[in-house]
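Taking it in order: structure first as structure tokens, then the write-up.
The values are calculated or read from the model by the stated rules, or taken from the named source; none is laboratory data. On a predicted model such as this, the values are computed, not experimentally measured, just so you know. Note that we place each Cβ from the backbone using ideal geometry, even for glycine, and neighbour counts take in every protein chain shown.
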Amino acid sequence: MTATVEHLTRATERLRAHPHDQGAWLELAAIHHALGNTEDAELAFATIGEGARIGGQVALAVACGRHLAELGSVRGPELIDQVVDTFAAGGGYTTGRTPTGAPTAPEEPPEVPAGTGTPVEQARALVAKLGAWLTQRHVDRIPRAPLLSSLSKPGARALVGVMTARAFPAGAVIIEIGHPATSLYWLAHGTVKVARDKTELGELHTGAFFGEIALVGGTTRTARVTASEDVWVLEIPARAIETAAQRFPKLAEVLANHARTRLLANLTRTSELFRALEEDDRDALLARFSTQLVPAGTTFIHEGQVNDHLWVVVTGRCQVQSAGSPIAELGPGAAVGEISLVSGAAAVASVSTVEPAVLLRLSKSDFSVVAKKHPKLMEEVEKLVVARETANRALFQDASDLIV
């Protein structure tokens, strides 16, 4: 960034007025760095990172440590070691209490009136006084960090070592639909929007993961992620995640459970099968689905054979074929298999995955149990059956018109 002394003055005043604002701290640190005030920048980032560690904001603490390491500062590895010792499996601080004997500062920051001196000197004095408060606070409750808490200290240290801190300006697209999934992202600071087609799926805030759905499922990206404001993220290569998950099964379990939760949440917003159901009905239904990771080219419904499952496409694409000819393509949110599930008749078409896909599967017996308790579900499925049969008749009629 191009920075001036005036920028530094404004950033100092912003931090003086809003000492709780992490964005104000990061802005001041970044301006110091842009002005070439190396020692001041390193001290500011180290202060932010230590304050984040104490407050349980693990992604921000790691981002500060990785950024300092990339700048060649010894403060970076020191901060990372402290984060790992705190939050990795067996760490002594995940209970959420300040260690016995550690100094504590008041919950509210001290008031620091404007002083005299150059802008750099004033910024330096402010960081010194507010930094003492930020890094010595008493925090009653500190959440665990699933990504690190599932690993041993050596494993957590190795995984953190391949993370890269990246900044994105407001409006930047971080993940694009259809692009290969090569990384998992951990939001260190800021807010991002997640959307598919024209549907906004929601917002993610500091500390959230994103990108793990395609990463776990082995598919391309299924949603667009855009920075709502200037954001700072940690990018974690897919290979590093896979290696760590193989060595530490608990990590794989954490990611799989997190991905399933996100998949189901997205599905309820996009699938015609779930959108009209009440929240209690959706929860009861989704709890009975199993998650299937299906390789490309797999046929999971066979034409002429009885299908005993309702399938919902979560990620990836599937092709519907009749008599060996493609008649339709299904994307995320689409339900398939409902005709034979309800009627008990043999499937009128085959359905195969075009690319690696994540599918939800509900057995006929589970479907019957839930449908009895939730009539709205049967109403929605019957609507799908009518719509699908109508579409099928139109397709077959179009095909017959081509015979001469």
key: Selected residue (criterion: modelled with the lowest pLDDT) from residues of the range 272-287 that are surrounded by 20 or more Cβ atoms within 10 Å (Cβ to Cβ) and either in contact with a Cys (Cβ under 9 Å, 6 or more places away or on another chain) or within 20 Å of K198 (Cβ to Cβ) (or both)   = L273
message = When the residues of the range 212-233 are narrowed to those that are crowded, with 23+ Cβ neighbours inside 10 Å, outside any helix (DSSP H, G or I) and not polar (S, T, N, Q), which ends up modelled with the lowest pLDDT?
response = A223
inquiry  = On the basis of being surrounded by 15 or more Cβ atoms within 10 Å (Cβ to Cβ), under 22 Å from the mean Cα position of the chain (by Cα), modelled with pLDDT of 75 or more and part of a helix (DSSP H, G or I), does A256 make the cut?
reply    = no
key: Pairs, first part of a loop (DSSP other than H, G, I, E, B) in the range 321-340, second surrounded by fewer than 17 Cβ atoms within 10 Å (Cβ to Cβ) and of a type outside the set (F, W, Y), C-beta under 8 Å, six or more apart   = G333/E272
message = As an exercise: evaluate E338 against (1) at pLDDT below 80; (2) over 25 Å from A284 (Cβ atoms); (3) of a type in the set (D, E, K, R) and give the number of the one condition it does not meet.
response = (2)
request  = Among the residues of the range 189-199, count how many are part of a strand (DSSP E or B) and at pLDDT 85 or above.
outcome  = 6
Options A30, A41, A69, A24: the member that is surrounded by 22 or more Cβ atoms within 10 Å (Cβ to Cβ), within 30 Å of the chain's Cα centre (by Cα) and in a helix (DSSP H, G or I) = A41
ask   = Which numbered condition trips up S183, out of (1) of a type outside the set (F, W, Y); (2) farther than 22 Å from E50 by Cβ; (3) modelled with pLDDT of 95 or more; (4) under 13 Å from the mean Cα position of the chain (by Cα)?
value = (3)
Qualifying position, being modelled with pLDDT of 75 or more and crowded, with 17+ Cβ neighbours inside 10 Å, among G316, G344, G333 = G316
message = Is it the case, given these coordinates, that G178 is at positive phi, in contact (Cβ under 8 Å) with a residue 12 or more places away in the chain and surrounded by 20 or more Cβ atoms within 10 Å (Cβ to Cβ)?
response = no
key: Looking only at the range 57-81, and only at residues there that are farther than 17 Å from A188 by Cα and in contact with a Phe, Trp or Tyr (Cβ under 9 Å, 6 or more places away or on another chain), the one that is modelled with the lowest pLDDT   = L71
